[in-house]
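S.K.: My structure is below; once you've seen it, I'll send some questions.
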Amino acid sequence: MCGIAGYIGPRNAVEVVFDQLKRLEYRGYDSAGVAYPQNGHIEVVKRAGKLSELKKALGESERDSRIAIAHSRWATHGGPTNENAHPHFDAGERIAVIHNGIIENYLDLREELLDKGHTFRSQTDTEVAAHVIGEEYTDGTPLEEAVRKAVRRLRGAYALVVLSKEEKGKIVAARNASPLVIGLGKDENMLASDIPALLPYTREIVILEENQIATITKDTLEITDLDGRQQPIEVQHIDWDVAAAERGGFEHFMLKEIHEQPQVLRQCLAGRIDEKKRVRLEQVFSEHVWTEIDRVNIIACGTAYHAGLMGKHMFEKMLRLPTDVYYSSEFRYGDPVLSPKSLAIFVSQSGETADTLAALRLCKSRRIRTLGIVNVIGSSIARECDRTIFTQAGPEISVASTKAYTAQVMVLTLLALYIAQVQEMPGVRVSEAVTELVGLSAKAEKCLLLEQQMIELADKHKNMPLCFFLGRGADANVALEGALKLKEIAYIPTQESPAGEMKHGPLALVQPGVVAMFGSTDTETRDKVVSNMKEVQARGGTVVAIVTEDDAVTERAADAIIRIPATKLDFLNALLTIIPMQLFAYHVARLTGCEIDQPRNLAKSVTVE
């Protein structure tokens, strides 16, 4: 989850890598550091805290070098201190190392090195890796060969980047599980843990594959496997707009990304609807495959898991296709029963989520068909799944995911309609559903007009001790995501569940000051939801209801009403409710002075288990 940056070329490398870290700070912000050669040694400057602390440490004096590496940390081994910040030296301070991931056997290696007389300055697994590389970096051994030998001794997930004081014209990188991308420029090359850090400098990107070693100079890139064999270099052109990775005038990335959702809905449909209002998904399996699949397993974490619940709702209600949704972190340990005719769908914004990747590899080992729904082209899940559908949402910077959720649900909807189309499901009018999808972006824009109302609600309830998020059917699924946004960025405890479950325990938490936000967009369950609202009010709680604009019933039961445009599909009505929920969470956090884009203890891409 940490941010990695590196540069070699004619520019001031220290300035470049610092700029890269600013674009990667969402990946980790417990500490940061930079390393660059100077006067026959490697200069390392690092500080606990956010990048501003590193900026102060670098000071006003010019630190000019043609090569540098840098790192922003999300702490795993060892607390967020100056000593534990990256980069780390080997025993002889001949090399500096930065690292994203976890070295699982670091304790065994540390004891082995201590027995040999090594001393350590930190509690990190990264410093252990640096010492292991240093041991292999004997006289006459090229740096890339030392790294190649060292990684054979390491077990775990890592993206390692190494700089030597003796071979000043190169950076060496190694990858196993943790992401690493290389940018190619004119007389300059660079690397980072995520694409947005490279966009101001180049659009030509190389994704470093599993178990590969890259040797980077200002003019060349060489990639080998762990046995030293040359590997082909596949260059991808990235056409993201640089402004798409910047705030664009909004106070926070999260608010910008909430407001991007109408455009994201249009992007998700681009090239996937034909003139006859049929769904086109060339990226998926041949049509005959869909007649064989007897069960779907959707596997994901966090926000993507909540999107998966919406997928289950659609697959079962629309397709009558049995569907289970698993937390990635629990999937392997439940010894899942996987039918040869089942399909495993892996949902991940980054495509690098460690738990989801582990579940994917288990399914592949059992020869189960796999389908990825991811945002990042070239990511591990995108490359390892049998088929992949990209959400086409563009870069998402804020740690709290917003537009990725909307895009994931939209892609799952397209997939459900495509399967219905292939199987000619009775009762499913694909063209009518497609018409609703095409019109959804305009309705999302209308939902954004509710922002002032959500600001007023946030101001009124910003000191609430607890917030319920409740609903039935698809609304109950979206309630989980609404609750996650509030707890992630505003640090307010939430209680989320299907509304009918309140009486089985959670109702005991209702008291004056508690707010209950209900999604109530399904006419079939409206009366039941109104009864649940009355249960909250009877115990002193405040009820906020999000309803469709044609609902004339619920307003008589709620303390506050939020009206969204109506669609003809219940799950799309439910999906639209997430926009006012996101705005509510954002403005509560803003009004209470919370760190919104970088909430405490969290990072954007969870690449460790």
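S.K.: Of everything in segment 134-176, what is at positive phi and outside any strand (DSSP E or B)? Give them in sequence order. Steps first, please.
M.R.: In the first step, residues of segment 134-176 are kept if they are at positive phi; the result is 140, 156.
Of everything in segment 134-176, just one residue is at positive phi and outside any strand (DSSP E or B), namely GLY140.
S.K.: Kindly establish whether VAL530 is closer than 29 Å to TYR491 by Cβ and either outside any loop (DSSP other than H, G, I, E, B) or of a type in the set (Asp, Glu) (or both).
M.R.: Considered against the rule, which asks whether it is closer than 29 Å to TYR491 by Cβ and either outside any loop (DSSP other than H, G, I, E, B) or of a type in the set (Asp, Glu) (or both), VAL530 comes out as no.
S.K.: Okay, moving on. More than 22 Å from the chain's Cα centre (by Cα) and part of a loop (DSSP other than H, G, I, E, B): is that true of LYS568 in this structure?
M.R.: Yes: the conditions hold for LYS568.
S.K.: Another one. Filter segment 573-588 down to residues that are in contact with an Asp or Glu (Cβ under 8 Å, 6 or more places away or on another chain), assigned to a helix (DSSP H, G or I) and crowded, with 24+ Cβ neighbours inside 10 Å, then give me how many there are.
M.R.: Looking only at that region, the number is 6.
S.K.: Give the residue that is most open to solvent (accessible area, probe 1.4 Å), with candidates limited to residues of segment 110-123 that are in a loop (DSSP other than H, G, I, E, B) and among the basic types (Lys, Arg).
M.R.: Going through the qualifying residues, I end up with ARG121.
S.K.: Where residues in segment 224-274 are of a type in the set (D, E, K, R), over 19 Å from the mean Cα position of the chain (by Cα) and open to solvent by less than 50 Å² (accessible area, probe 1.4 Å), which of them is nearest to ALA400 (Cα to Cα)?
M.R.: Going through the qualifying residues, I end up with ARG272.
S.K.: Oh, and also: For residues in segment 296-339 being within 24 Å of the chain's Cα centre (by Cα) and of a type in the set (Ser, Thr, Tyr), which is surrounded by the most Cβ atoms within 10 Å (Cβ to Cβ)?
M.R.: SER328
S.K.: Residues to consider are ALA48, ALA35; find the one that is in contact with an Asp or Glu (Cβ under 8 Å, 6 or more places away or on another chain), open to solvent by less than 40 Å² (accessible area, probe 1.4 Å), of a type in the set (A, V, I, L, M, F, W, C) and at pLDDT below 95.
M.R.: Selected residue: ALA48, the only one of ALA48, ALA35 that is in contact with an Asp or Glu (Cβ under 8 Å, 6 or more places away or on another chain), open to solvent by less than 40 Å² (accessible area, probe 1.4 Å), of a type in the set (A, V, I, L, M, F, W, C) and at pLDDT below 95.
S.K.: Still on this structure: For the structure I just gave you, tell me whether ILE298 is at pLDDT 95 or above and in contact with a strand residue (DSSP E or B) (Cβ under 7 Å, 6 or more places away or on another chain).
M.R.: Judged against the criteria, ILE298 is a match.
S.K.: With the structure loaded, tell me whether SER497 is out of contact with any His (no Cβ under 6 Å at 6 or more places or on another chain), open to solvent by 20 Å² or more (accessible area, probe 1.4 Å) and modelled with pLDDT under 95 or whether it fails that test.
M.R.: Numbers: out of contact with any His (no Cβ under 6 Å at 6 or more places or on another chain): yes; open to solvent by 20 Å² or more (accessible area, probe 1.4 Å): no; modelled with pLDDT under 95: yes.
Criteria not met by SER497.
S.K.: Right, another one. Looking at segment 183-209, which of its residues are in a strand (DSSP E or B) and without any contact (Cβ under 8 Å) to a residue 24 or more places away in the chain?
M.R.: Once the filter is applied, which keeps residues that are in a strand (DSSP E or B) and without any contact (Cβ under 8 Å) to a residue 24 or more places away in the chain, segment 183-209 yields only GLY183.
S.K.: Which ones in segment 375-390 are open to solvent by less than 20 Å² (accessible area, probe 1.4 Å), modelled with pLDDT of 90 or more and not hydrophobic (A, V, I, L, M, F, W, C)?
M.R.: The one that is open to solvent by less than 20 Å² (accessible area, probe 1.4 Å), modelled with pLDDT of 90 or more and not hydrophobic (A, V, I, L, M, F, W, C): THR388.
S.K.: Given (1) open to solvent by 40 Å² or more (accessible area, probe 1.4 Å); (2) closer than 30 Å to VAL514 by Cα; (3) free of Cβ contacts under 8 Å to residues at least 60 places away in the same chain, identify the lone condition not met by LYS462.
M.R.: The number of the failed condition is (3).
S.K.: Condition check: within 34 Å of the chain's Cα centre (by Cα) and either assigned to a strand (DSSP E or B) or touching a residue at least 60 places away in the same chain (Cβ under 8 Å) (or both). Does VAL547 satisfy that?
M.R.: Numbers: within 34 Å of the chain's Cα centre (by Cα): yes; either assigned to a strand (DSSP E or B) or touching a residue at least 60 places away in the same chain (Cβ under 8 Å) (or both): yes.
Taking the combined requirement at face value, the residue satisfies it.
S.K.: On to the next question. Can you name every residue in segment 51-78 that is crowded, with 16+ Cβ neighbours inside 10 Å, assigned to a loop (DSSP other than H, G, I, E, B) and either free of Cβ contacts under 8 Å to residues at least 24 places away in the same chain or not aliphatic (A, V, I, L, M) (or both)?
M.R.: Within segment 51-78, ARG63, SER65, ARG66, TRP74, THR76, HIS77, GLY78 qualify.
S.K.: State yes or no: is GLU93 at pLDDT below 90, out of contact with any Gly (no Cβ under 7 Å at 6 or more places or on another chain), charged (D, E, K, R) and open to solvent by 40 Å² or more (accessible area, probe 1.4 Å)?
M.R.: Spelling it out, it is not the case that GLU93 is at pLDDT below 90, out of contact with any Gly (no Cβ under 7 Å at 6 or more places or on another chain), charged (D, E, K, R) and open to solvent by 40 Å² or more (accessible area, probe 1.4 Å).
S.K.: Please go through segment 202-223 and pick out each residue that is closer than 21 Å to GLY169 by Cβ, of a type in the set (A, V, I, L, M) and open to solvent by 10 Å² or more (accessible area, probe 1.4 Å).
M.R.: Selection gives LEU221 alone.
S.K.: Suppose we filter segment 124-173 for residues that are touching a His at 6+ places or on another chain (Cβ under 8 Å), more than 22 Å from MET190 (Cα to Cα) and either of a type in the set (Ser, Thr, Tyr) or surrounded by fewer than 24 Cβ atoms within 10 Å (Cβ to Cβ) (or both); how many remain?
M.R.: 1
S.K.: Still on this model: Given the criterion free of Cβ contacts under 8 Å to residues at least 40 places away in the same chain, farther than 18 Å from GLN261 by Cα and surrounded by fewer than 24 Cβ atoms within 10 Å (Cβ to Cβ), identify the matching residue among ASP559, ASP522.
M.R.: ASP559
The values are calculated or read from the model by the stated rules, or taken from the named source; none is laboratory data. These numbers were taken from a predicted model, which means no experiment stands behind them. With ideal geometry, Cβ positions are generated from the backbone for all residues, glycine too; neighbour counts draw on all protein chains shown. When the accessible area is computed, the model is the full protein with side chains, heavy atoms only, and any ligands, DNA or RNA have been set aside. Shrake-Rupley method; radii C 1.70, N 1.55, O 1.52, S 1.80 Å.
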